[in-house]
There are 2 protein chains.
Amino acid sequence: MKNIVLIGSGNVATHLGLSLVNNGYNIKQVWSKQLKNADILAKKLDSTSTDALNNLKNADFYIVSVKDDALESVIKQLNLNNIIHTSGSIGLEVFNEKSENYGVFYPLQTFNKEINLNFSKTPICIEANNKLFESELLNIGNNLSDKVVTINSNQRKQLHIAAIFACNFTNHMFSLAYTILAKSYIDFKLLLPLINQTIIKLNKNNPSQMQTGPAKRKAKKVIQNHINNLSDKKTQEIYKLISNSIMEKNE
Amino acid sequence: MKNIVLIGSGNVATHLGLSLVNNGYNIKQVWSKQLKNADILAKKLDSTSTDALNNLKNADFYIVSVKDDALESVIKQLNLNNIIHTSGSIGLEVFNEKSENYGVFYPLQTFNKEINLNFSKTPICIEANNKLFESELLNIGNNLSDKVVTINSNQRKQLHIAAIFACNFTNHMFSLAYTILAKSYIDFKLLLPLINQTIIKLNKNNPSQMQTGPAKRKAKKVIQNHINNLSDKKTQEIYKLISNSIMEKNE
């Protein structure tokens, strides 16, 4: 059984840790800057906890799964081999080149600690500094997920940006819709069939071919009318910018 | 069996017509400005076609389902009773007040002629100029769909705007993601599990509580880095504006 030290206790670390344990890996230790958070995750993973980066246990792999903004400073404090991070936006250059084996294990998913998900359907994007370590990471990936791909740092960066549009920005569109409806006492759930159909169409089609709505039809009177009917200035600006972008795409 | 004349032959008219026929209504005639388009839909609905607005057959209901920008001018050419339109963004005021019965029958969905959908899961929003006609429209609605609500013109306008954010703008986010990935030779399908999980979370949660990503975490270095890594100026602008909007929402 492979031993792993998990450095981080956030949304990604939680779901990845659970999937590793469910697939026969041993999480030997969980680190977090806040011992309390390390404790919470360690309990879920039947593991131990620490807040001391200079006092980690020996393990086969070290997985650093912390916020992007903290990743570099955390890795600089470590002097470990077989170390991987889980970030979409940071490349291999963050590692100390003296390490023999290092890599990236990027699960392409939106994680919330409180929300269950089927990790086996989550694509995992692998990169490593050598072929042997790459194959070890592919092996772990294949134990956790049905969809494992190798991808280089540049591609992963673009993939992460695309994921932000497809997930975070999409979710923010839902947020704005929610706020608009709440002001008119309409239940957001009324939109769910529409949202589901929007997603179903993606399975077989290029999204730009599936575009519908006033901007697609260049219905400028409708668009102006909608902008006038939005009470929030920032939301107006977003409506205008995205509508223009749709119209340009369909020229 | 109720007889209906369908004025329009686009995406909404097509799906609505099919659902009406499947639920025992007779489409007596299909009108389109282009006779060819009326013919295509009439064939699907076992109906007849015309391009003459002044020569429509007698029917129990007239459904006007044309582009928003054309709706007013089409309705002005008609002198009919029991007339309804299917637009989210236009109110009852578009009708001639001399008509005894008029109303709105707005199916809240994204329709593409070529793509099948389960119409019974499509919410239908009803408004009428009197209670009796409202109950007739509710009756038709309930024959076609599991979810029928009455909603006034102001609410429907806000609902339509919210639907544009939740569907059209969301789809455009997918389009932008597709373009970003295509430039790096990455298959858009890799994003589908992420997109599905984003939607699953909506079933039980307020979307703003489900927000994830760099803007939610206020990871400004990551955000700036992403903007620098986008090759298209307009896409950069959209990234910036939506990220700011997410950050403001989470202040």
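The values are calculated or read from the model by the stated rules, or taken from the named source; none is laboratory data. Bear in mind that the values here come from a model prediction, so they are computed numbers and not experimental data. We place every Cβ from the backbone using ideal geometry, glycine too, and count neighbours over all the protein chains shown. What goes into the accessible areas is simple: the full protein's heavy atoms, side chains included, and nothing from ligands, DNA or RNA. Shrake-Rupley method; radii C 1.70, N 1.55, O 1.52, S 1.80 Å.
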In debye to the nearest 20, the charge dipole size for the range B:175-251, taken about the Cα centre with +1 at each Lys and Arg Cβ and -1 at each Asp and Glu Cβ, equals 180
Taking Lys and Arg as +1 and Asp and Glu as -1, residues besides B:Ile40 with C-beta under 15 Å from its C-beta add up to +1
For chain B, longest principal axis from Cα atoms; helix B:153-163 axis from its Cα atoms; angle between them, nearest 10 degrees, is 40
In terms of the charge dipole of chain A, which places +1 on Lys and Arg and -1 on Asp and Glu at the beta carbon, the residue among A:Val222, A:Ala59, A:Asn205 farthest towards the positive end is A:Val222
Site A:Asp69, offset 7 angstrom along Cα→Cβ, radius 16 Å on amide nitrogen, limited to the range B:218-237, gives B:218-227
Under the 7 Å Cα-to-Cβ spin-label approximation, B:Thr150 and A:Asp51 lie apart by a distance in nanometres of 6.0
Checked the range B:180-251 against the a/c 1.5 cut and the a/b vs b/c comparison, axes a ≥ b ≥ c from its Cα gyration tensor; verdict oblate
Note: A:118-127 gets an average of partner chain Cβ contacts (10 Å, Cβ to Cβ) equal to 2
Yeah, the range A:49-147 with a ≥ b ≥ c from its alpha-carbon gyration tensor (a/c under 1.5 is rounded, else prolate when a/b outruns b/c, oblate otherwise) is oblate
For B:Asn228, the net charge from surrounding residues (Cβ-Cβ under 14 Å; K, R +1; D, E -1) works out to +3
Candidate cut points under trypsin sites (Lys or Arg not before Pro) in the range A:1-101, DSSP loop plus at most 16 other Cβ atoms within 10 Å of their own Cβ, are A:Lys2, A:Lys33, A:Lys57, A:Lys67, A:Lys98
Most packed first (mean Cβ within 10 Å per residue), the peptides A:49-55, A:106-112 order as A:106-112, A:49-55
Once all protein chains are kept in place, A:Asp46 shows an accessible area at probe 1.4 Å, nearest 10 Å², of 140
What helix-only [θ] at 222 nm does chain A give? Using -39500 (n - 2.57) per DSSP H run of at least 4, over all residues, to the nearest 500, the answer is -13000 deg cm²/dmol
Label model pair B:Gln34, A:Gln224: point-to-point distance (7 angstrom along the Cα→beta-carbon line) in nm is 2.7
In debye to the nearest 20, the charge dipole size for the range A:52-207, taken about the Cα centre with +1 at each Lys and Arg Cβ and -1 at each Asp and Glu Cβ, equals 560
Honestly the range B:109-170 on the Cα gyration tensor test (a ≥ b ≥ c root eigenvalues; a/c under 1.5 rounded, otherwise a/b vs b/c for prolate or oblate) is just oblate
Computed for the range B:67-138: size of charge dipole around the Cα centre, +1 on C-beta of each Lys and Arg, -1 on C-beta of each Asp and Glu, debye to nearest 20, value 180
Scattering profile of chain A from the Debye formula, Cα beads only, expressed as log10 I(q)/I(0) at q = 0.16 Å⁻¹, is -1.12
